[in-house]
2 protein chains.
Amino acid sequence: MAATQQYVYPDRDEIRIEAVLAALADPVRLDMVRQLADAGSEISCSGFDVAVTKSTLTHHLRTLREAGIIMGRQQGTARYNSLRRNDLDELFPGLLQGVLAARR
Amino acid sequence: MAATQQYVYPDRDEIRIEAVLAALADPVRLDMVRQLADAGSEISCSGFDVAVTKSTLTHHLRTLREAGIIMGRQQGTARYNSLRRNDLDELFPGLLQGVLAARR
């Protein structure tokens, strides 16, 4: 029997601006957030276009998840990630838009 | 003859989002930026209400300066710091507003 991996997400009111900023300050994670924003929908863990190893990708996903920037949804053996855009826009109106406006 | 301390500031088009986010991710620096935004004017190096040593404050000011978040102006023996709000709003519209909206 396979154990179900449990992930912990901060509730909206537990999301801290310092953690969000620190998570977004990494160029790979920022690029992942841009890809999620551009997609406007979920991206599976294998669907990100990033030049990192699987374990590094897992680390980045965890950092984004624990900061409150993304959510994950398990479906079969795949995990789909989505941007917590509503939560972030509610807490820090303009932040995400400003970050995404940065030239690449 | 006292040497004039020279500071290096990134031009607007040299300001990188990753450096801005990393600089703002520190709670003391974020608080200093909030104080500058609230003041709406310059704050001297001794005018920040932060519980850190002078050398730590100097470090934080340098980090903010090198990220392109603040400018400094020397006047006599005092140095006055101001937020580069126009530059940041132009480059990353909404970012600063969103960060400042975060509860303290």
Flagged in region B:66-104 as over 15 Å from B:Ala37 (Cα atoms) and of a type outside the set (Gly, Ala, Ser), in numbering order, are B:Glu66, B:Arg73, B:Gln74, B:Gln75, B:Thr77, B:Arg79, B:Glu90, B:Leu91, B:Phe92, B:Pro93
Residues of region B:9-49 being in a helix (DSSP H, G or I), over 20 Å from A:Phe92 (Cα atoms) and either at the interface with another protein chain (Cβ under 10 Å from one of its Cβ atoms) or open to solvent by less than 40 Å² (accessible area, probe 1.4 Å) (or both), which ones? B:Asp13
Considering A:Arg73, A:Arg103, which residue is within 28 Å of B:Arg12 (Cα to Cα) and not in a helix (DSSP H, G or I)? A:Arg103
Enumeration of residues in region B:57-101 that are free of Cβ contacts under 8 Å to residues at least 12 places away in the same chain, open to solvent by less than 90 Å² (accessible area, probe 1.4 Å) and closer than 21 Å to A:Leu21 by Cα: B:His59, B:Asp89, B:Pro93, B:Gly94, B:Gly98, B:Ala101
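The values are calculated or read from the model by the stated rules, or taken from the named source; none is laboratory data. All values derive from a computational prediction rather than experimental measurement. Here the Cβ is made from the backbone with ideal geometry for all residues, glycine too, and neighbour counts use every protein chain on show. Just so you know, the surface numbers come from the protein's heavy atoms only, side chains and all, with ligands and any DNA or RNA stripped out. Shrake-Rupley method; radii C 1.70, N 1.55, O 1.52, S 1.80 Å.
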